1. What value, in deg cm²/dmol to 500, does the helix sum -39500 (n - 2.57) over DSSP H runs of n ≥ 4 give at 222 nm once divided by the residues of the chain?
2. Between Ile46 and Met68, what's the calculated FRET efficiency when r is the beta-carbon distance and R0 is 25 Å? Round to 0.05.
3. Tyr105 to Val28: FRET efficiency via 1/(1 + (r/R0)^6), r the Cβ-Cβ distance, R0 41 Å, to the nearest 0.05?
4. How big, in percent, is the set of alpha carbon pairs in the chain lying more than 23 Å apart?
5. If we count every other residue with Cβ under 15 angstrom of Asp100's Cβ, Lys/Arg +1 and Asp/Glu -1, where does the sum land?
6. In degrees between 0 and 90, to the nearest 10, how far off the longest principal axis of the chain does helix 2-17 point, with axes built from Cα atoms?
7. Using a Förster distance of 30 angstrom, determine the FRET efficiency expected from the C-beta separation of Glu17 and Lys81, and round it to 0.05.
Amino acid sequence: MQELEKILEEIENTFKENIENIEDENGVHHFVIDSFTATFLAKEIIRKHMNDGWIPVEERIPEVPDDMEDEYCPEFNVTIKGASRATTLKYSPDGAWFDDSGQVYVVIA
């Protein structure tokens, strides 16, 4: 629910930034945003917040004991930068994500 509140607040603020003040022939001001722009902006904000249940690494990372050897590091399904599918990588106490061959990757979620 907290994430939904963030999305709604961002939509509201974005709409305020993109609203037009139009004065009609009677001097009455109307604050409007066209439906195409409103729909586009709302969709972009929602897509930005969608993560299909993945936890961004900026939000939380796994807890691993400091003295754990690389060969015993736990494996996690992750999303790496530039990839279109999830993969399994190990996570070490020093914060590195790596595969069985020792190749290090940038994990985003």
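1. -9500 deg cm²/dmol
2. Efficiency for this residue pair is about 0.05.
3. For Tyr105 and Val28, the calculated efficiency is 0.10.
4. The proportion of pairs with Cα distances above 23 Å equals 52 percent.
5. My count for the surroundings of Asp100 gives -4.
6. 40 degrees
7. About 0.50, to the nearest 0.05.
Every number in this text was worked out from the coordinates using simple rules, so none of it is lab data. It should be emphasised that the depicted structure is a prediction, and the values quoted were computed from it without experimental measurement. Glycine gets a Cβ as well: all are built from the backbone with ideal geometry, and neighbour counts include every protein chain shown.
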